[in-house]
Amino acid sequence: MEEKKINFESYFKDYPSTDGYFGKYGGCYISEELKAPMQEITDAYFNICKSRRFISELRRIRKEFQGRPTPITHLERLSGQIGNVQIYAKREDLNHTGAHKLNHCMGEALLAKYMGKKKIIAETGAGQHGVALATAAAYFGLECDIYMGSVDIKKQAPNVARMKILGANVIEVTHGLATLKEAVDAAFEAYSKEYKDCIYCIGSVLGPHPFPMMVRDFQSVVGIEAREQFLEMTGELPDHIVACVGGGSNAAGFFSGFLKDETVNIYGIEPLGRGEKLGDHAASLKYGTEGIMHGFNSIMLKDENGDPAPVYSVASGLDYPSSGPEHAFLRDIGRVKYDVINDDETIDAFFRLSRAEGIIPAIESAHAVAYAIKLAEKLGHGSVLVNLSGRGDKDMDYVIENYGIPQK
Ligand SMILES: *Cc1c(COP(=O)(O)O)cnc(C)c1O
């Protein structure tokens, strides 16, 4: 636990530090050959993100292409089923392409354009990041190389098709287990060879500095909008806010709007999957220990050799063995409480929200909804604002096949 009192008024100036640290977490642990290209991205970001032209172009794109601002919906029937607590949802599912990921992908691609790059490259696991990035690349007329393990290519056929329709090159990675980890390695290797013409675009608040900061900043639009909208709707701030945490991008952006509001309790929800045994969940902040992976220092789940452990969640967007360094920091200083929700609670919330409100949530987002329901049952009064990070169209086949349709 860090004893230092954090001043949230100057938080975004102070964190991360100029070398990318949130307390002891973060940093930039990469090979010598990648240091110069990473510094180029950092310098470009610091210059460009303050330019009026960049800010107004991003603002226009968000409004005219992405469909921002996304609304807040009062979940009246769901709240009514539980009692006196009022539950609200910030509707990131209504973003173009159906999730919050486009918020940072459009920012990263716009940065690539301002840097004069011709191509963006990334890896993808379940394909959600690949689809969002392929969308951004199409919008800006950039080439797009997405590295993906052959195992994931087989599992995620609809997302592979989407990326190809959008004009991206899906590059199959066949070595090792041929899943996300190998795809990350392949994307980094390609980047170290091609960095003069391209930038690497990460999918969450992860990886070496400046990505955890940059992705948070691009996602902070969610928190800024949500705070204003909630105040306008109710005249007050929410008592509790909840978001799911995989790598942590939707949570980081959403939370950033409320960190300085002492009365707002903040909860980040990790997937407990099938249970507490290593390999059955992906709750790194609850069960992990400090370590370095994929270019940054954070809390991670490790196997007996100290390597990233196998992880599992019903939500493929949440099964990553670490979380962004800022979340590790916010946990240690006690500003955000991290808790867990398992698969069964998630699927229950998936159907409850669908049937009570006519909103089918992504299984990732359903973790946050399940926690909001739990909180509401426990508290008995007040308000809960949950970040609905995405829509569940991508999950319907999987849910029906594995869980069936529940009786009313
Ligand atoms: C990818 C994804 C997540 C998890 O990513 P974070 O970086 O933790 O936000 C959550 N919800 C949806 C809908 C996603 O697609």
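The values are calculated or read from the model by the stated rules, or taken from the named source; none is laboratory data. All of these numbers come straight from a predicted model, not from anything done at the bench. Please note: Cβ atoms are built from the backbone with ideal geometry, for glycine as well, and neighbour counts cover all protein chains shown. Quick note on the areas: whole protein, heavy atoms, side chains included, nothing else; ligands and nucleic acids left out. Shrake-Rupley method; radii C 1.70, N 1.55, O 1.52, S 1.80 Å.
Are any residues in the range 72-108 touching a Ser or Thr at 6+ places or on another chain (Cβ under 9 Å), of a type in the set (A, V, I, L, M, F, W, C) and more than 16 Å from the ligand (Cβ to nearest atom), and if so, which ones? Within the range 72-108, Val85, Ile87 meet the criteria.
Scanning the range 388-408 for residues that are within 16 Å of the ligand (Cβ to nearest atom), in a loop (DSSP other than H, G, I, E, B) and over 22 Å from Ala372 (Cα atoms) returns no hits. Only a single item in (1) part of a helix (DSSP H, G or I); (2) among the aliphatic types (A, V, I, L, M); (3) on the phi > 0 side of the Ramachandran plot is not met by Ala178, and it is number (1). Residues of the range 258-272 that are open to solvent by less than 10 Å² (accessible area, probe 1.4 Å) and either among the basic types (Lys, Arg) or away from the ligand (no atom under 15 Å from the Cβ) (or both): Phe258, Leu259, Val264.
Under the condition of being out of contact with any Cys (no Cβ under 6 Å at 6 or more places or on another chain), open to solvent by 10 Å² or more (accessible area, probe 1.4 Å), more than 16 Å from the ligand (Cβ to nearest atom) and not in a helix (DSSP H, G or I), the residues counted in the range 197-251 number 6. Taken over the range 24-56, the criterion of being part of a helix (DSSP H, G or I) and either open to solvent by less than 20 Å² (accessible area, probe 1.4 Å) or among the basic types (Lys, Arg) (or both) is satisfied by Leu34, Lys35, Pro37, Met38, Ile41, Thr42, Ala44, Tyr45, Arg52, Arg53, Phe54. Inspection of the range 273-288 finds a residue satisfying the criterion of being in a strand (DSSP E or B), at pLDDT 95 or above and either within 15 Å of the ligand (Cβ to nearest atom) or touching an Asp or Glu at 6+ places or on another chain (Cβ under 6 Å) (or both).
Look at (1) away from the ligand (no atom under 13 Å from the Cβ); (2) buried (at least 21 other Cβ atoms within 10 Å of the Cβ); (3) touching a residue at least 40 places away in the same chain (Cβ under 8 Å) and you find that Ala137 fails only one, number (3).
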